[in-house]
Amino acid sequence: MPYRTHVMVCAGTECATNQSFKIKEVFEEELKKKELQNEVLIVMTGCKGSCAVGPVVIVMPDEVFYQKVKPEDVPHLVEEHLLKGRPVQKLMYKPPEEKVPVPTLSDIDFFKRQTLIVLRNRGLIDPEKIDEYIARDGYKALAKALSQMKPQEVIEEIKKSGLRGRGGGGFPTGRKWESRAKMEGDFKYIVCNADEGDPGAFCDRSAIESDPHSVLEGMIIGAYAIGACKGYIYTRNEYPLAIERLEKAIDAAREYGLLGEGIFDTNFSFDISIFRGAGAFVCGETTALVASIEGKPPEPRQRPPRTALWGRPTVINNVETWATVPQIILRGSEWFASIGTEKSKGTKIFSLVGNINDAGLVEVPMGITLREIIYEIGGGIPKKKKFKAVQTGGPSGGCLPESLLDQPVDYDSLIEAGSMMGSGGMIIMDENTCMVDVARYFTNFLKDESCGKCASCRDGLIAMSDVLEDICKGEGKESDIELLEDLAQTVSSASLCGLGKTAGNPVRSTLRYFKDEYLAHVKDKKCPGGVCKVLIEYHIDAEKCKACGLCIKACPNEAITGAKKTAHVVEQAKCLKCGACHEACKFEAVVIR
Ligand SMILES: Cc1cc2nc3c(=O)[nH]c(=O)nc-3n(C[C@H](O)[C@H](O)[C@H](O)COP(=O)(O)O)c2cc1C
């Protein structure tokens, strides 16, 4: 039955935990009350990317984007918009610092500036219904590959497209496939790396949640190209919604004859299973991942020999890489290669988190600048604060300063700048960030996540972490800076796998761009970002203080004194340096020195 309106309710992880299923229920009740249930269809979609303002509801075809919707808003929304045709202004998106809402989704900068390939179906289909994927040309690329192309032609098309792996390293996908296709053996494997261990990254999870079939379709095409008969999707147990949608997608694909014996009535057979990992960062490294599937401890090992599951030819690619494949086969390598830069083709998904107005998930063409992503798509830094740095590439990526905001985002430029692409986490930091503390945080993360096999990585990261802790506690020496540089160099050069090889990046990049902050810590015993507790003091600026008493109320240790019409004062001996007064003050009178 045709419906005049579709109400798309986001059911990605963030929106779902913020009651989007309850919102659906109330919509259904209200539609029944108004006898609109045969005119308006509720569709639960995957993540739309605008996670900072969820739960999100989009009314189509009007394209009205509603944010922060609560179940109690729904009756009014149904009455006003769906019955009377008057969009509800107060729930519509307003750009930061502006008062007038943006009328339609395609006018919102966050969406307007993106180029969607992997996320082309996000928010438009119910990811749990294979027919909706098929209605948007799903499995057409597979049909084309199987009926019109020889396996080698598929590989050629991927090679010509210039697709490079989205898991971080950027290895050319076509070349990887070709080498495995040439290997002897009638039992080969395809693996989808959906481990996604980077803190702050949720690109792969979201891609799966919003469109699981595109990942499956890519894997089936890859299997046909190299002659594989079995595939695994390696994901972490902490991704229950992604796993549930994958399970449903695999079942539906089997039912439709798109997985299993004789796919599309050819003699090509292939099936996929899900493997749930325990969620350690190092499990994403290919040799560790393979060991994990084989039931061994997930420790990386030296290469060569090549990564091979149970000793058999194996292609491992990232979620985004697989989900890109069907579009290349369907639309052609030339189309794909026309997007991006000379050496980094196509698009990349980034999860924008930290001090950014429109946090969420974006897919952008390679070569876009950091400034465009952070300011034009992400809406800039909240509370008009100054940008300090952006960390790209996950825990072992690097922190890039303001002077590099016009840096194009592609594999090679990021490495040149001392960072890397990684699997797509982008952490934005404002002026109230301490870069030494940031290096300490990531080094600690890597220390805890190191599998401990290489002494350089295991002991080197402990040593680096100790030095950074000392500096943040005000106990650092000037010679520590050189020591950190040496340690970072040793860990990188002497370790076996990518974790150790890149573990020096947080320290190196912060030393390269923010050395003055290290010097302020070790020489002046000051923390310019106002973060390292031992090195800071909270004071009240008497000229700005309105004696409102909010800071007095917020202080948990009665460290602030003051009366009406008298500027308040922080008693340093009692101050716990928790920052509650700073947070509470509406007049920016509480300053950190
Ligand atoms: C410590 C470490 C963690 C990694 N984590 C992931 C991950 O979570 N997901 C991923 O796709 N690749 C990860 N990689 C990269 C993989 O080893 C591998 O290069 C990638 O999955 C290959 O797929 P691609 O060619 O499509 O990028 C990690 C590498 C290292 C060294």
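The values are calculated or read from the model by the stated rules, or taken from the named source; none is laboratory data. Since the structure is predicted, the reported quantities are computational estimates derived from the model, not experimental observations. We place every Cβ from the backbone using ideal geometry, glycine too, and count neighbours over all the protein chains shown. Protein only, heavy atoms only, side chains kept; ligands, DNA and RNA dropped before computing areas. Shrake-Rupley method; radii C 1.70, N 1.55, O 1.52, S 1.80 Å.
Structure values in brief
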| item | result |
| --- | --- |
| Part-to-part distance (alpha-carbon centres) for region 536-552 and region 298-356, which is given in Å | 52 |
| Largest-first ordering by accessible area, 1.4 Å probe, given options W322, W335, W310 | W310, W335, W322 |
| Semi-axis lengths, Å, the chain, gyration tensor of Cα atoms, sqrt of 5 times eigenvalues | 43, 35, 19 |
| Alpha-carbon Rg/Rh ratio, for region 389-487, with Rh computed the Kirkwood way | 0.98 |
| Cα pair count fraction exceeding 20 Å, expressed as % - region 460-516 | 19 |
| Taking N as its residue count, the alpha carbon Rg of region 276-380 over 2.2 N^0.38 Å | 1.39 |
| Selection from C497, C575, A559 lying farthest towards where the dipole of region 489-593 points positive, charges on Cβ | C497 |
| Intensity falloff of region 107-163 expressed as log10 I(q)/I(0), Debye formula with alpha-carbon point scatterers, at q = 0.25 Å⁻¹ | -1.01 |
| For region 39-99, the spread of Cα positions along each principal axis, largest first, Å | 34, 28, 23 |
| DSSP-loop GluC sites (Glu not before Pro) across region 441-505, with at most 12 other Cβ within 10 angstrom | E478 |
| Diffusion constant of region 8-157 at 37 °C, which comes from Stokes-Einstein with the Kirkwood Cα-pair radius and 0.692 mPa s, µm²/s | 193 |
| Computed Rg/Rh of region 423-554, alpha carbon atoms with Kirkwood Rh | 1.09 |
| Net dipole in debye of region 392-525 [+1 Lys, Arg Cβ; -1 Asp, Glu Cβ; about Cα centre; nearest 20] | 460 |
| Dipole magnitude of the chain, debye to nearest 20 (Cβ charges: Lys/Arg +1, Asp/Glu -1, about Cα centre) | 500 |
| Nearby lysines by direct alpha-carbon distance to K176 (threshold 17 angstrom, same-chain neighbours under 8 apart not counted) | K159, K160, K188, K343, K345 |
| Percent carbon-and-sulfur accessible area, the chain, ignoring ligands, DNA and RNA, probe 1.4 Å | 50 |
| DSSP beta bridges in the chain [antiparallel fraction, %, rounded to 5] | 55 |
| Point-charge dipole on Cβ atoms (K/R +1, D/E -1) for region 293-419, about Cα centre, debye to 20 | 400 |
| Charge dipole (region 1-85, unit charges on Cβ, about Cα centre) - positive-most of Q37, T5, C47 | C47 |
| Value of relative contact order over region 380-437, rounded to a whole percent, pairs C-alpha under 8 Å and six or more apart | 44 |
| Potential extension, E238-K90 segment - 0.36 nm per residue separation minus Cα distance | 49.8 nm |
| Anisotropy class of region 364-437 from Cα gyration tensor, a/c 1.5 cut | oblate |
| Leading residue at positive end of dipole, the chain (Cβ point charges), from S396, V78, I243 | S396 |
| Region 76-230 pair-distance distribution - Cα-Cα, 10 Å bins, rounded % | 9, 27, 31, 17, 10, 6, 1 |
| Contact order normalised by residue count of the chain, Cα under 8 Å, 6+ apart, percent | 11 |
| Percent of Cα pairs exceeding the 19 Å cut-off, where the set is region 1-55 | 30 |
| Net length gained if the chain between E294 and V100 were fully extended (0.36 nm per residue, minus Cα distance) | 64.2 nm |
| Computed E for C548/R512 - FRET, C-beta separation, R0 41 angstrom, nearest 0.05 | 0.40 |
| Average projected area [Cα convex hull, region 83-133], square nanometres | 5.5 |
